[in-house]
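Peer 1: The structure is given below, and queries will be raised subsequently.
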Amino acid sequence: INAKAKPVIICAINSNDFNRVSSCISANEMWDRLEVTYEVKKTKVSMFVHEYEMIIMHENEDIRTVFIRFTNITNALQAL
């Protein structure tokens with residue numbers, strides 16, 4: 001089973017994820033590492049979406065600074 005599962009996992013992932021799992025011995029270890037990776041990504045996306053939804057202009061803050069914060073949030077979301 002391991003000999004069949006590893007190539008399937010490798011074909012289904014991108015190069016960044018391949019770098020994360022290339023040192024794994026078994027398909028189960030690969031799966032576990034990918035599972036943790038995607039849970040972390042999901043948490044980060046949730047955090048950035050919350051920041052995006054709650055963005056406000058603070059007192060003594062100019063529109064340029066707000067726009068920079070907004071751009072940073074959207075770029076981080078796009079990267080994930």
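Peer 1: How much length is gained if the chain between residue 1 and residue 29 is pulled fully straight, taking 0.36 nm per residue apart and subtracting their Cα-Cα distance, in nm to one decimal?
Peer 2: Taking residue 1 through residue 29 to full extension adds about 8.7 nm, to one decimal.
Peer 1: Straight-line reach from residue 4: which lysines have Cα under 30 Å away, leaving out those fewer than 8 places along the same chain?
Peer 2: Cα-Cα hits under 30 Å: 41, 42.
Peer 1: Among [x] 14.9, 53; [y] 14.1, 44; [z] 18.6, 62, find the value of Rg and Dmax of the Cα atoms in Å that was calculated from the structure presented, and write down its label.
Peer 2: [z]
Peer 1: Can you give me the accessible area per residue for the chain, using a 1.4 Å probe, in Å²? If you can, show how the numbers build up before the last one.
Peer 2: Working: 6270 Å² over 80 residues.
Per residue, the chain has an accessible area of 78 Å².
The values are calculated or read from the model by the stated rules, or taken from the named source; none is laboratory data. A quick note: this is a predicted structure, and the numbers were derived from the prediction, not measured. Keep in mind that these areas ignore ligands, DNA and RNA; they rest on the heavy atoms of the full protein, side chains included. Shrake-Rupley method; radii C 1.70, N 1.55, O 1.52, S 1.80 Å.
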